[in-house]
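J.: Can you read through this structure? Questions will come right after.
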Amino acid sequence: MSAFALPGACVLLLAWLLAAVASLKQRRWAALGGVPVCAAGALLAVVYLLAGAPPATFTLPLGMPGLPMTLALDGLSGFFLLLLMLVGAAASAAALDEREPPATAPCLPLFLAAMGLCLLAGDGFTLVLGFELMSLASFVLLLSHPGAAEVQRAALLYLGMALFGAACLIPALALLGGWNASFATLRDHPPEGWRAMAVLALVLLGAGSKAGLAPLHVWLPPAHSHAPGPVSALMSAAMTKVALYVLIRLLFDLCGPQPMWWAVPLLVAGAASAVLGALRANMENDIKAVLACSTIENIGLITIGLGLALAARAADMLPLAGLALGAALLHVMAHGLFKALLFLGAGATQHGAGSRHLDRLGGLIHRMPVTTASMLAGAACLAALPPSSGFAGEWALLQAVIAGPRVGGLGMQVLICVVAAMMALAVALAAAAAVRLIGVGYLGRPRTPRCAAADEAGPPMRWALLGLVAASLLVGLFPGAVVALARPALGLLAGGMVPLRDAGLVLAPTADAPGYAPLAVAVLLALAGGLVWWVVLRVSVPGHRRAPAWDCGFGEPPSWLPFGDPATQYSGAGFSQPLRRTLAAGVLGARETVDMPAPGQIKAASLTVTLHDPAERWIFDVIGGWRDRLSGLADRMQFLTIRRTLSVMVTVLLVFLAVVAIMEQR
């Protein structure tokens, strides 16, 4: 199987490139070609993972002079490639919607091909090439969405973070033994001492910034909010997972076993990302920004599992390492599928209702039933309600964290307990954000005439949504199948220990521990719901009537909505007010400003809420100030006299010669 899997993957990369070229003349070719290519890639990945084939390598006569590119396929890259194929098929189908920007089509296959190249990289050069092509293609796709100056600002911030990621990954690979060396060579010479510390810091900064880990997450909400629906789905569901793949490949695979303290930065960054992302998801008014902040939260949860796996492997507790890593990979698959579902649904909502702001939506369940049902299924995963896929992943992560206090000394045990508490807080905040998203945006009454006349998504988008709903449902009901697909990766990174087992229809952390039976839970919930429905029908009074909802005496409803004034409903800001005043005031610096008209005035009152992300305040604003000062200094240097210009040049030359002399002495 391995003899055909990697050449087949190369053929898929070539097919994506051909689809991108063909789409320059005919837009539909990109999407029509992307769906079967991604479907074939998903089938290829499943067959390869189930067959348990050994790793395979393939050399391409391309790359730097005298250094051909190396492609490699193993259990880890195959697992992430499967997720990319599934999400890519749905995004390609959704791109067929005529309401999507035409400029999206040509670059979508390039984006998919770049991510596939990064996953199939077998040397440092190919990895960095795929990573940066992925950033460049997504940057162009972000600019393809029509918008104002905020779109350009979001794109420039995203491009700056992409360049920062490359500036960190290239020296990290150089410290590992050469950024153009093959992974097989790097694997035989793991870093030690200060080189290991530098590699850890650079990989966390480079891959963590692309994944959206705090405090380098600031780019993610604006970029995901302004991108087209299929692009934001790929960025959140696939691109962030490719960044996590790079982190796992470098820290788990190429660096080899390392001290236990390597887990501390991952645990701290993961816990901070989980809480901060979930809290921000409750504060945002843009439905895409809500989902983007939720991505930060879920990336944090996955990183907690990765950090715990590193700590357990360092303590020679391989069963716990396999449990934590298996839980992280399970949640990678679950989050990738349901977040793609939610972002595609948000894009359909924006096109159908004319807005993506919560306070301008409402009542979409009547006008957009398929989209609303899909968003409800995704929100159940977001809130980790059983038997959804989100619950399966977070349940497995919780099992690993509960077993974590046995690792290391007192300091590590206290840290894991604190991380467990923050994880529980993040999960609760995520559930509140999911209820707020569905309750305010899709239930209740329409808040604008445009929303009252919303249009359902087109057939391609509906098929993409329903396909992702089915995939998420299968992962939620049969999480053991995902664990089985992850077995080759766990065997590669966790010493062959795969504690997460699928005993029939029960997912259990160990052989003797109580497990989770999602199919049985689903049947019990269905029976309970049917029983409640039957009781309500039995005791209810026959017949019904419709009347305006009681609005506390506010008067006649508007003519376009005969069933109550929508202004009397809970708004997004009102729903999140308790959390804003208790938690966000201290963490996000939330401030409320009320403009109340004086007695006798007829103007409307207004409530203005301002939030300040701590990362923006303490990191990005400071860097922006340095940039302004350096820019001012560069401007002043243009007007120096000839004497001062020559003095600067001589000084720079002397410093350069001194550095060269010091390096030669060493």
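The values are calculated or read from the model by the stated rules, or taken from the named source; none is laboratory data. Remember, it's a predicted structure, so these values are computed and weren't measured experimentally. Don't worry about glycine lacking a Cβ; one is built from the backbone with ideal geometry, like all the others, and counts go over all protein chains shown. Accessible surface is based on the protein model in full, side chains and every heavy atom, while ligands, DNA and RNA are left aside. Shrake-Rupley method; radii C 1.70, N 1.55, O 1.52, S 1.80 Å.
J.: Could you give each residue of the stretch 200-212 its phi-based ³J(HN,Hα) in whole Hz, using Karplus coefficients 6.51, -1.76, 1.60 with θ = phi - 60°, and x for Gly or Pro?
T.: 4, 5, 5, 5, 4, 6, x, 6, x, 5, 6, 6, x
J.: Among 83-93, 355-365, what's the highest-first ranking by average C-beta atoms within 10 angstrom per residue?
T.: 83-93, 355-365
J.: Assuming a ≥ b ≥ c are the square roots of the Cα gyration tensor eigenvalues, decide whether the stretch 165-320 counts as rounded (a/c under 1.5), prolate (otherwise, with a/b larger than b/c) or oblate.
T.: Prolate is the answer for the stretch 165-320, as a/c is 1.5 or above and a/b outweighs b/c.
J.: At 0.36 nm per residue, and after removing the present C-alpha to C-alpha distance, how many nm does the segment from Ala167 to Phe58 gain when stretched out fully? Intermediate results must be reported in sequence, preceding the final value.
T.: Details: separation 109, 0.36 × 109 = 39.24 nm, distance 2.73 nm.
Additional length available on full extension: 36.5 nm.
J.: Could you do me a favour and compute the accessible area per residue for the stretch 203-357, 1.4 Å probe, result in Å²?
T.: Roughly 13 Å² per residue, with all protein chains present.
J.: Set the Förster distance to 56 Å, then compute FRET efficiency between Arg187 and Asp455 from the Cβ-Cβ distance, nearest 0.05.
T.: 0.55
J.: Roughly speaking, what is the centre-to-centre gap between the stretch 610-666 and the stretch 145-219 when only Cα atoms are used, to the nearest Å?
T.: 23 Å
J.: Using a 1.4 angstrom probe on the protein heavy atoms only, could you order Thr126, Thr582 from most to least accessible area?
T.: I get Thr582, Thr126, largest accessible area first.
J.: Cα-based Rg of the stretch 596-666 per 2.2 N^0.38 Å, rounded to two decimals?
T.: After normalising by residue count via 2.2 N^0.38 Å, the value is 2.33.
J.: Could you derive backbone 3J(HN,Hα) for the stretch 315-322 from the dihedral phi with the Karplus parameters 6.51, -1.76 and 1.60 (θ = phi - 60°), listing whole Hz in sequence and x where the residue is Gly or Pro?
T.: Karplus values, whole Hz, x for Gly and Pro: 7, 6, 9, 5, x, 5, 4, x.
J.: In sequence order, what are the phi-derived ³J(HN,Hα) couplings for the stretch 243-258 according to the Karplus relation 6.51 cos²θ - 1.76 cosθ + 1.60 with θ = phi - 60°, rounded to whole Hz, with x for glycine and proline?
T.: Working through the residues one at a time gives 5, 5, 4, 4, 4, 5, 4, 7, 7, 8, 8, 6, 7, x, x, 9 Hz.
J.: Taking 0.36 nm per residue of separation and subtracting the Cα-Cα distance, what length does fully extending Leu640 through Ile602 add?
T.: Values: separation 38, 0.36 × 38 = 13.68 nm, distance 5.99 nm.
Extra length available between Leu640 and Ile602 comes to 7.7 nm.
J.: Could you rank the peptides 274-287, 157-170 by their average count of other C-beta atoms within 10 Å per residue, with the highest value first?
T.: Per-residue mean Cβ counts within 10 Å order the peptides as 274-287, 157-170.
J.: Full-extension gain between Ile662 and Ala615, please, as 0.36 nm times their residue separation minus the C-alpha to C-alpha distance.
T.: Full-extension gain reported as 13.1 nm.
J.: Here's a follow-up. Given the peptides 250-259, 344-353, 409-418, arrange them by the average over their residues of other C-beta atoms within 10 Å, most packed first.
T.: Ranking the peptides 250-259, 344-353, 409-418 by packing returns 344-353, 250-259, 409-418.
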